[in-house]
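These notes are about the structure you will find just below.
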Amino acid sequence: MSWQGYVDNNLVGTGKVSSACIVGLKGGVWASSPSLNLSTEEQHAIIQGLADPSHLQANGIYVSGKKYLTLQANPRSIYGKAGGDGLCIVRTNQAVLIGVYNSPLLPGDANKVVEGLADYLISVGY
């Protein structure tokens with residue numbers, strides 16, 4: 001399956017994630033929903049935030065120009081919230097999955113989908 005297929009079918013296609021993208025750990029967007037425009041600065045901040053979450057915990061996470069309050073950040077995942085919307089970011093061996101959910105979608109459902117795809121990609125070496 002192509003990287004775009006993972007975004008379209010395994011993330012957004014579940015109905016539990018509003019928009020998503022996959023970013024390489026070395027930078028660059030591998031695949032993205034049309035409505036999710038992740039700047040180079042946002043990509044770098046997320047990748048660096050997985051290594052050292054202190055900056056994201058103090059300043060929040062920006063995705064497509066929207067600021068999310070950092071709820072949790074560790075070397076594997078970052079969770080953020082902005083009003084009724086939120087995001088789940090999960091690191092794999094070679095990439096970062098970003099799933100955004102908009103109200104009325106539920107955080108737990110979106111997180112399960114993004115974490116599940118990340119687990120699968122890790123199991124196959126990505």
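The values are calculated or read from the model by the stated rules, or taken from the named source; none is laboratory data. Just so we're clear, the structure is a prediction, and the values are computed from it rather than from any experiment. Here the Cβ positions follow ideal geometry from the backbone for every residue, glycine too, while neighbour counts run over all protein chains shown. Accessible surface is based on the protein model in full, side chains and every heavy atom, while ligands, DNA and RNA are left aside. Shrake-Rupley method; radii C 1.70, N 1.55, O 1.52, S 1.80 Å.
Rounded to the nearest 0.05, the FRET efficiency derived from the C-beta distance between residue 93 and residue 37 at R0 = 25 Å is 0.45. Ranked by the mean number of other Cβ atoms within 10 Å per residue, highest first, peptides 118-125, 32-39 order as 32-39, 118-125. The residue 3 and residue 58 beta-carbon pair, evaluated with R₀ = 35 Å, returns a calculated FRET efficiency of approximately 0.65. Expressed as a whole percent, the accessible surface of the chain that belongs to carbon and sulfur atoms is 53, based on a 1.4 Å probe.
Rg and Dmax, both from the Cα atoms of the chain and both in Å, are 12.8, 37. Each peptide among 5-12, 43-50 gets the average number of other Cβ atoms lying within 10 Å of its residues, and from highest to lowest they stand as 5-12, 43-50. Taking all Cα pairs closer than 8 Å and separated by 6 or more residues, the relative contact order of the chain comes to 23 percent.
Calculated FRET efficiency, residue 115 and residue 25, Cβ-Cβ r, R0 25 Å, to nearest 0.05? Using R0 = 25 Å, I get an efficiency of 0.90.
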